[in-house]
Amino acid sequence: MLPEEKARVKIDKQLNNAGWDIVDRKDYLPNYAMAVKEALMQGGKESDYLLFVDNKAIGVVEAKKESDSLGPKVASQAEHYAKTPQNWYGLWFQGLIPLVYLANGNKIYFKNMLVENSDYEELSQMHSPKKMLQIIGKKSEYGALPLIEKRGLRDCQYRAEVKFEESLKMGNKKNLAVLATGSGKTYPACLAAYRLLKATYL
């Protein structure tokens, strides 16, 4: 495995731990918190990761190998991407992706492009979708919810949770889950409450 690939494994885990679902650009789904790998930017360039909340680009992550010091050259590259999104991307601010991250698997540096003359600060962990919305002063009712993992859930529990969240995003405030006796209704109910409290502003 190449050094860049080793770093990407760690960066993927950091993003996952913060609530980001990592996908190839062909697998992007709107209205979820998604980190799109090798996202297209203007001029035929590709951002290592482009982060979306509510179908709007909120952050750029420039990934390097672990031995890279993440200096000014890397910062300049990432900030250029932040200022040159594709015209068809949804954006929270016109012509700008507001948050920039530099990562090598060991260190993460962050800059808020909305603050004039701001410096990079080191983070102990990647920001969550909800935290990024707080930083830029925006809200999303359900767009910061990450895709739900099937691991640990029965098929019926997983389907119920997915359909419940899809229904919420369609504007339905009242929902009813109908599962057979003994199928485990309490767990998905608790899971739904936990996810909504953790990832949304409700």
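The values are calculated or read from the model by the stated rules, or taken from the named source; none is laboratory data. Here the structure is a predicted model, which means the values were calculated and not measured. So basically every Cβ, Gly included, is an ideal-geometry build from the backbone, and we count neighbours across all protein chains shown. Note: areas computed on protein heavy atoms with side chains; ligands, DNA, RNA excluded. Shrake-Rupley method; radii C 1.70, N 1.55, O 1.52, S 1.80 Å.
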For log10 I(q)/I(0) by the Debye sum over Cα atoms at q = 0.13, 0.15, 0.16, 0.18 Å⁻¹ the list reads [x] -0.64, -0.87, -1.01, -1.32; [y] -0.73, -0.92, -1.02, -1.22; [z] -0.78, -1.01, -1.13, -1.36; the calculated value is entry [y]
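Taking every DSSP beta bridge with both residues inside the chain, roughly what % is antiparallel (nearest 5)? Provide the component values of the computation, followed by the final result.
On the way: 20 of 31 bridges.
Of the beta bridges lying entirely in the chain, close to 65 percent run antiparallel.
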Over the chain, with the other protein chains present, what is the accessible area per residue in square angstrom, probe 1.4 angstrom? 56
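Excluding residue 21 itself, what net charge comes from residues whose Cβ is under 12 Å from its Cβ, given Lys and Arg +1 and Asp and Glu -1?
Values: positive: 37; negative: 12, 24, 27, 149.
Neighbourhood net charge equals -3.
Can you pull out the GluC sites (Glu not before Pro) in the range 139-202 that DSSP calls coil and that have at most 16 other Cβ atoms within 10 Å? Don't skip to the end; give the middle numbers.
On the way: sites: 141, 149, 161, 165, 166; in loops: 141, 149.
Within the range 139-202, the qualifying GluC sites (Glu not before Pro) (loop, at most 16 other Cβ atoms within 10 Å) are 141, 149.
Count neighbours as other Cβ atoms within 10 Å of each site's Cβ, and list the GluC sites (Glu not before Pro) in the range 38-134 that are DSSP loop with at most 16 such neighbours. Don't skip to the answer; put the middle values down first.
Working: sites: 38, 46, 62, 66, 79, 116, 121, 122; in loops: 66, 116.
Those that pass, being in a loop and sparsely packed, are 66, 116.
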Set of aspartates and glutamates near residue 198 by C-alpha distance (under 20 Å), chain-local residues within fewer than 8 positions excluded: 21, 54, 141, 149, 161, 165, 166
I'd like the carbon and sulfur percentage of the solvent accessible area for the range 79-121, probe radius 1.4 Å, heavy atoms only, ligands and nucleic acids excluded. 44
Output needed: percent of Cα pairs per 10 Å distance bin for the range 77-175, bins running from 0 to the one holding the longest distance. 12, 32, 30, 21, 5, 0
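For the range 72-165, which trypsin sites (Lys or Arg not before Pro) are in a loop by DSSP, counting at most 10 other Cβ atoms within 10 Å? Numbers along the way, then the final one.
On the way: sites: 73, 83, 107, 111, 130, 131, 138, 139, 150, 151, 154, 159, 163; in loops: 107, 138, 139, 150, 151, 154.
Here the trypsin sites (Lys or Arg not before Pro) that fit, given the DSSP loop and packing criteria, are 151.
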Among the listed pairs 64/111; 139/185; 111/139; 6/73, which have their C-alpha atoms separated by more than 23 angstrom in this model? 139/185
Run the Debye formula on the Cα coordinates of the range 1-98, all scatterers equal and no solvent, and tell me log10 I(q)/I(0) at q = 0.21 1/Å. -1.12
